[in-house]
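Undergrad: Below is one structure. I have some questions about it.
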Amino acid sequence: MRWEKFTTNEIAGLDRSTPVVLNIAAIEQHGPHLPLDTDAAIGAHFLARLDETLGEKVLILPQVKVCCSEHHMDFAGTLSIRHETFLAYVGDILESVVRHGFRNLVLLNSHGGNQAIGQVLLESFGARHRDCRIAMLTWWRLAAPELEKIRESDFAGINHACEFETSLMLHAVPDSVRSTLVGGMSYVDTHDWAQADMIRGSRGAMFRSMHEMSHGTGVVGDPSKATAEKGERITTAVVNQLVRVVSTLHEAR
């Protein structure tokens with residue numbers, strides 16, 4: 001069910017235990033082969049599948065497409081907001097949902113730059129609303145064990161505009177993928193304790209711009225290993241876990 005497609009009377013008549021899902025995404029560079037809306041397109045793709053699967057058991061909010069992408073601003077086309085803006089804006093959306101009586105909230109994150117500030121929002125909002133259940137799910141972490149079995153690239157091969165993101169776009173929006181795929185992997189190889197990819201975490205964190213991490217290409221990973229069939233397998237793995245989490249919230253009531 002899509003929040004914005006209902007009338008006010010129809011929203012008023014919905015079961016208030018229905019989980020409400022908000023995708024937080026990004027509009028930012030994704031190398032020479034993927035469009036700026038890649039993270040938003042991937043988030044929308046997962047939620048379309050969730051909607052098809054759960055129907056009246058889930059309520060989906062309009063996406064927040066522009067979020068925290070300052071580390072991509074060296075590349076033309078990237079849009080970004082401050083962390084403080086994210087907290088205020090996304091927090092206000094959730095406050096609106098709660099004021100209408102809904103108590104099960106899920107943030108579905110489809111952009112790496114939203115993870116830290118999303119966790120801050122989760123903890124601050126949750127502390128203020130003890131009568132609510134709020135969860136944040138970042139898609140590649142949500143299905144990490146299943147996705148590890150799908151990857152073909154070595155460490156750092158799934159990171160940004162990579163094997164996974166390119167596979168998902170080849171599956172979900174194939175006409176949007178340009179023919180110029182960057183082969184091989186670009187990644188800063190110093191400070192081994194700070195190295196990570198989508199699934200394999202680092203021992204610690206250190207700020208680096210995406211221009212630095214990608215050696216100017218905008219790509220971290222190996223998109224040459226991407227396929228549409230792999231994109232379908234990734235979709236199935238992520239949506240299965242998303243359905244599981246949302247269903248448990250609905251059943252808890």
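Undergrad: Starting with the highest mean, order 5-18, 205-218 by the number of other Cβ atoms within 10 Å, averaged over the residues of each peptide.
TA: 205-218, 5-18
Undergrad: Using the alpha-carbon centroid of each, what span in Å lies between the range 97-123 and the range 1-42?
TA: One Cα centre to the other: 12 Å.
Undergrad: Would you compute the Debye intensity of the range 1-99 from its alpha-carbon atoms alone, equal scatterers and no solvent, and pass along log10 I(q)/I(0) at q = 0.10, 0.17 Å⁻¹ to two decimals?
TA: -0.34, -0.84
Undergrad: Let me ask another. Over the chain, give the accessible area per residue in Å² for a 1.4 Å probe, as an integer.
TA: Per-residue value: 45 Å².
Undergrad: Starting from the Cα gyration tensor of the chain, multiply each eigenvalue by 5, take the square root, and state the resulting semi-axes largest first in whole Å.
TA: The equivalent ellipsoid of the chain has semi-axes of 31, 20, 17 Å.
Undergrad: Quick one: length gained pulling T8 to D74 fully straight, 0.36 nm per residue minus the C-alpha distance?
TA: Stretched fully, the T8-D74 segment lengthens by 19.5 nm.
Undergrad: Could you work out the helix-only [θ] at 222 nm for the chain, with each DSSP H run of four or more residues adding -39,500 (n - 2.57) and the total divided by the number of residues, to the nearest 500 deg cm²/dmol?
TA: Counting only the DSSP helices, I get -12000 deg cm²/dmol.
Undergrad: Highest mean first, how do 155-164, 66-75, 49-58 rank when packing is the count of other Cβ atoms within 10 Å averaged over residues? Write out the running numbers ahead of the final one.
TA: Details: 155-164: 25.6, 66-75: 20.2, 49-58: 16.3.
Top to bottom by mean Cβ count within 10 Å: 155-164, 66-75, 49-58.
Undergrad: Determine the relative contact order of the chain: mean sequence separation of Cα pairs under 8 Å and six or more apart, normalised by residue count, in whole percent.
TA: Reported relative contact order: 24 percent.
Undergrad: Counting only C-alpha contacts under 8 Å and six or more residues apart, can you give the relative contact order of the range 90-207 as a whole percent? Mind showing how you got there, number by number?
TA: On the way: 92 pairs, mean separation 24.6, N = 118.
Computed over the range 90-207, the figure is 21 percent.
The values are calculated or read from the model by the stated rules, or taken from the named source; none is laboratory data. Keep in mind that what you see is a predicted model, and the values were worked out from it rather than measured. Positions of Cβ are backbone-derived with ideal geometry, glycine not excepted, and every protein chain shown enters the neighbour counts. Just the protein is used for accessible areas: all its heavy atoms, side chains included, with ligands, DNA and RNA removed. Shrake-Rupley method; radii C 1.70, N 1.55, O 1.52, S 1.80 Å.
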